[in-house]
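The values are calculated or read from the model by the stated rules, or taken from the named source; none is laboratory data. On a predicted model such as this, the values are computed, not experimentally measured, just so you know. Methodologically, a virtual Cβ is constructed for each residue, glycine included, from the backbone with ideal geometry; neighbour enumeration extends over all protein chains shown.
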Amino acid sequence: MTGGPTAARRARSLGDGEWTVTGRGWGIGTAAVASIILGRLLGLEDLFLLGVGLLLVIAVGALYVRTVQPRAAATRRVLPSRVHAGASSRVELTLTNRSPRSSPVLSVRDPFDNGARWARFLVAPLLPGETARAAYRLPTGERGVFGLGPLQIGVSDPFGLISVDVDVVPRSRLTVYPRIDAVAPPPSSHGDDPLAGPDHPRGLSGGGEDFYALRPYVRGDDLRRVHWPSTAKADDLMIRQEEMPWQTRSTVLLDTRPEVGPSDAFEILVSAAASLVVSVAHHDGLQRLTTTDGYDSRSVGGMSHVNTILEHLAGIGRRPGDLIPVLGSISRSQAGGALVILTTALAPASDFRAIAGLRGRFASVTLVIVERSAWGDRSSAVAPPTGVPTVRVDNAQPFAVAWATLAGPPGARTGRRSATGARRPRAGTT
């Protein structure tokens with residue numbers, strides 16, 4: 001899809017657009033033909049002349065549209081073009097008359113979500129070079145990737161019989177990320193995590209403690225990290241790459257199977273996955289998102305990686321897959337760290353037995369179950385797998401509240417480890 005936060009197109013003449021006979025025009029045209037035919041058959045001269053007059057009205061309307069043909073240039077700005085569900089986003093439009101004469105009354109139409117909704121404006125006549133501005137708010141209540149445009153301007157004759165429309169701004173898009181809850185990162189204090197030591201180098205401006213290595217400068221590196229003695233010897237900029245004292249590593253597995261719940265349950269799962277990924281990033285951890293349909297973001301740190309995951313979650317849908325093979329793949333590719341599995345009460349019992357068998361492969365395994373009551377089903381709840389901490393989300397306890405009972409308030413840092421590998425106790429424990 002073309003276009004970004006600001007999309008524009010050169011001035012275009014309405015003569016380049018698509019000509020359309022309106023519904024009123026078709027009605028008058030049909031009446032004109034019928035009047036002429038009946039007037040001839042019945043010998044009624046007045047009826048015949050009425051039909052001819054109606055055809056002349058249509059011809060005058062077409063001539064008017066053909067004559068005015070204003071040239072216009074427009075821009076569309078989406079501010080911002082990426083938001084979280086429920087946040088504010090607006091579109092600012094500008095329309096400039098590039099003709100040497102005043103423009104007629106112009107209609108402006110901007111479709112949203114492939115034409116599911118439209119923004120419509122009427123623009124009063126503009127003097128040569130004059131600019132009109134308009135703005136409207138975009139619906140952001142639901143996550144998704146929504147298309148805007150193309151922006152169309154049009155003109156019609158005074159009788160509303162003939163119209164011509166032209167696209168003046170290409171398509172752009174609005175990305176609505178899932179709703180984010182302020183939650184604590186996944187707990188990582190259950191068992192040992194042999195891979196969670198200080199082995200993740202960071203070469204940007206973050207505050208590492210120990211010298212790790214030297215490497216050549218790449219665009220975007222912080223110049224404060226330049227190692228000048230080595231730079232002088234190598235005749236090339238060399239950067240000190242330092243290691244972080246410790247980084248948590250969290251894997252979030254999202255169940256996308258259609259059979260485990262309706263769309264309402266799936267939206268709860270997607271929002272929970274986004275909330276956990278953002279929380280881990282805010283605590284300088286490495287984030288990994290996997291789904292039962294085969295998506296795997298890999299374990300990477302930084303907000304750019306978070307944005308990539310959020311982009312994926314914005315457009316994700318329910319897709320077929322299998323949970324057990326994905327669990328096996330995660331276990332083989334990366335043991336240790338925290339693992340959070342997001343599913344619903346409709347998942348089969350075999351999935352829960354497989355989850356229970358992961359306890360020795362990760363520092364912590366947490367299961368989040370969206371109960372039937374969360375989407376209005378009053379059937380009985382499922383029993384959690386033995387030995388796996390379980391967070392239950394239902395109609396009385398949303399995800400953020402249920403998660404806090406396990407991981408603590410949003411500001412908690414659970415199970416942190418120092419640079420020497422010693423485990424830091426959770427707040428309130430000994």
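If you go through the range 141-165 one residue at a time, how many are under 30 Å from residue 57 (Cα atoms) and surrounded by fewer than 22 Cβ atoms within 10 Å (Cβ to Cβ)?
Matching residues across the range 141-165 total 7.
Do any residues in the range 111-135 that are part of a strand (DSSP E or B) have Cβ atoms under 6 Å from those of residues that are exposed (fewer than 14 other Cβ atoms within 10 Å of the Cβ), where the two are at least six apart or on different chains, and which pairs are they?
111/118; 119/136; 135/90
Hey, any hits in the range 96-106 for a residue that's touching a Ser or Thr at 6+ places or on another chain (Cβ under 8 Å) and in a strand (DSSP E or B)?
Taking every residue of the range 96-106 in turn, at least one turns out to be touching a Ser or Thr at 6+ places or on another chain (Cβ under 8 Å) and in a strand (DSSP E or B).
What number goes with the only condition from (1) farther than 13 Å from residue 369 by Cα; (2) part of a helix (DSSP H, G or I) that residue 273 does not pass?
Only one criterion is unmet by residue 273, namely (1).
How do the strands (runs of 3 or more DSSP E) wholly within the range 146-214 filter down when requiring 3 or more residues that are among the polar types (S, T, N, Q), in contact with a strand residue (DSSP E or B) (Cβ under 8 Å, 6 or more places away or on another chain) and at pLDDT 50 or above: which remain?
none
Considering each of 346, 327, 339 in turn, give the residue that is assigned to a loop (DSSP other than H, G, I, E, B), crowded, with 18+ Cβ neighbours inside 10 Å and more than 22 Å from the chain's Cα centre (by Cα).
So the residue among 346, 327, 339 that is assigned to a loop (DSSP other than H, G, I, E, B), crowded, with 18+ Cβ neighbours inside 10 Å and more than 22 Å from the chain's Cα centre (by Cα) is 346.
Could we say that residue 65 is surrounded by 17 or more Cβ atoms within 10 Å (Cβ to Cβ), outside the structural domain of residue 167 (by TED's automatic domain parsing) and either under 22 Å from residue 150 (Cβ atoms) or of a type in the set (D, E, K, R) (or both) here?
Answer is yes for this residue.
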